[in-house]
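Undergrad: Structure in structure tokens, see below.
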Amino acid sequence: MAPVKEITDLLHRTFFRSLSLLSSRGQGAVLRRYFDWWHRRPDPWHMGTDAYEQAKYAATLAQLPGLPYRRILEVGCSEGVFTEQLVTAYPEAHVTGLDISERALARAAERVAKAAGRTLLLPADILLFSSEHRYDLVFCSETLYYLGRRDRLRQASARLTGLLAPGGVLVLVHPWPEARRLHRFIDSGRAVTRVSELVEREAHRPFAVSVYQAPSAPAPTG
């Protein structure tokens with residue numbers, strides 16, 4: 001008999017896959033209501049206090065290449081626990097956090113209030129988000145499995161790589177071995193090259209931190 005956790009995860013993924021049968025905007029509208037409901041109470045997943053989450057954040061930061069990151073984007077920033085760590089770790093950077101839940105973003109704003117002059121928190125769906133800026137560092141953690149079907153995952157992957165500045169770094173953090181499926185469009189594309197990967201198999205919920213980098217100059221066309 002399958003463990004309860006595996007059954008729960010299967011039902012969870014099936015639910016989000018069914019949502020992806022909607023249009024991108026329809027899917028986003030349902031997800032917005034869903035996550036606002038979850039955030040009716042502060043820190044529903046205990047990201048600010050759970051030892052596993054803190055260890056994962058530390059492992060993620062440790063994987064980063066030592067580059068001068070001036071503009072950072074965090075996709076799925078939730079209530080800003082990791083956003084606050086980024087603001088602290090990179091005091092010269094401007095940090096933008098995206099989340100579909102405005103309720104979560106309101107709490108994130110409280111966390112990074114001391115750095116309000118160099119932070120921007122936006123209610124946005126990665127499937128629809130566009131920006132005039134390109135980012136030196138883009139994070140996407142524990143987010144892609146909410147998108148459901150293959151075409152939505154491909155769309156999100158293209159948007160993530162398209163937001164990178166030349167030489168920019170993309171960091172994906174997702175459960176292992178599911179990360180192989182979630183990261184496959186990044187891995188198989190030509191927009192970025194994987195430069196490192198940490199797979200933490202000993203954690204009670206194994207995860208992968210996959211780090212990619214865009215070319216220093218745009219690839220020639222034609």
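Undergrad: Taking the condition small (Gly, Ala, Ser) and out of contact with any Asp or Glu (no Cβ under 6 Å at 6 or more places or on another chain), does Ala179 pass?
TA: It is true that Ala179 is small (Gly, Ala, Ser) and out of contact with any Asp or Glu (no Cβ under 6 Å at 6 or more places or on another chain).
Undergrad: Pairs only if they're at least six apart or on different chains, beta carbon under 6 angstrom, first in the stretch 76-90 and buried (at least 20 other Cβ atoms within 10 Å of the Cβ), second assigned to a helix (DSSP H, G or I) and among the basic types (Lys, Arg); list them, first residue then second.
TA: Pairs found: Glu79/Arg107; Gly80/Arg111; Glu84/Arg111.
Undergrad: Please state which one of Asp43, Asp9 is among the acidic types (Asp, Glu), at positive phi and modelled with pLDDT under 90.
TA: Asp43
Undergrad: Take the stretch 166-186 and flag every residue that is of a type outside the set (A, V, I, L, M) and buried (at least 16 other Cβ atoms within 10 Å of the Cβ).
TA: Within the stretch 166-186, Gly168, His174, Trp176, Glu178, His183, Phe185 meet the criteria.
Undergrad: Something else about it: Kindly provide the set of residues from the stretch 91-129 that are of a type in the set (Asp, Glu), within 16 Å of Ile72 (Cβ to Cβ) and surrounded by fewer than 18 Cβ atoms within 10 Å (Cβ to Cβ), ordered by number.
TA: The one that is of a type in the set (Asp, Glu), within 16 Å of Ile72 (Cβ to Cβ) and surrounded by fewer than 18 Cβ atoms within 10 Å (Cβ to Cβ): Glu92.
Undergrad: Still on this structure, I have one more. Consider Ser141 carefully, then state whether it is within 14 Å of the chain's Cα centre (by Cα), crowded, with 23+ Cβ neighbours inside 10 Å and of a type in the set (Ser, Thr, Tyr).
TA: Against the criterion (within 14 Å of the chain's Cα centre (by Cα), crowded, with 23+ Cβ neighbours inside 10 Å and of a type in the set (Ser, Thr, Tyr)), Ser141 does not qualify.
Undergrad: Report the residue count in the stretch 98-135 for those that are under 15 Å from the mean Cα position of the chain (by Cα), under 20 Å from Gln213 (Cα atoms) and modelled with pLDDT of 95 or more.
TA: Going through the stretch 98-135 one residue at a time, the tally reaches 1.
Undergrad: Can you give me the number of residues within the stretch 92-123 that are of a type outside the set (Asp, Glu) and assigned to a loop (DSSP other than H, G, I, E, B)?
TA: Count: 4.
Undergrad: Still on this model: Please go through the stretch 139-197 and give me each residue that is in a helix (DSSP H, G or I), among the aromatic types (Phe, Trp, Tyr) and modelled with pLDDT of 95 or more, ordered by number.
TA: Phe185
The values are calculated or read from the model by the stated rules, or taken from the named source; none is laboratory data. For clarity, every value in this text was computed on a predicted model and none was experimentally measured. Glycine gets a Cβ as well: all are built from the backbone with ideal geometry, and neighbour counts include every protein chain shown.
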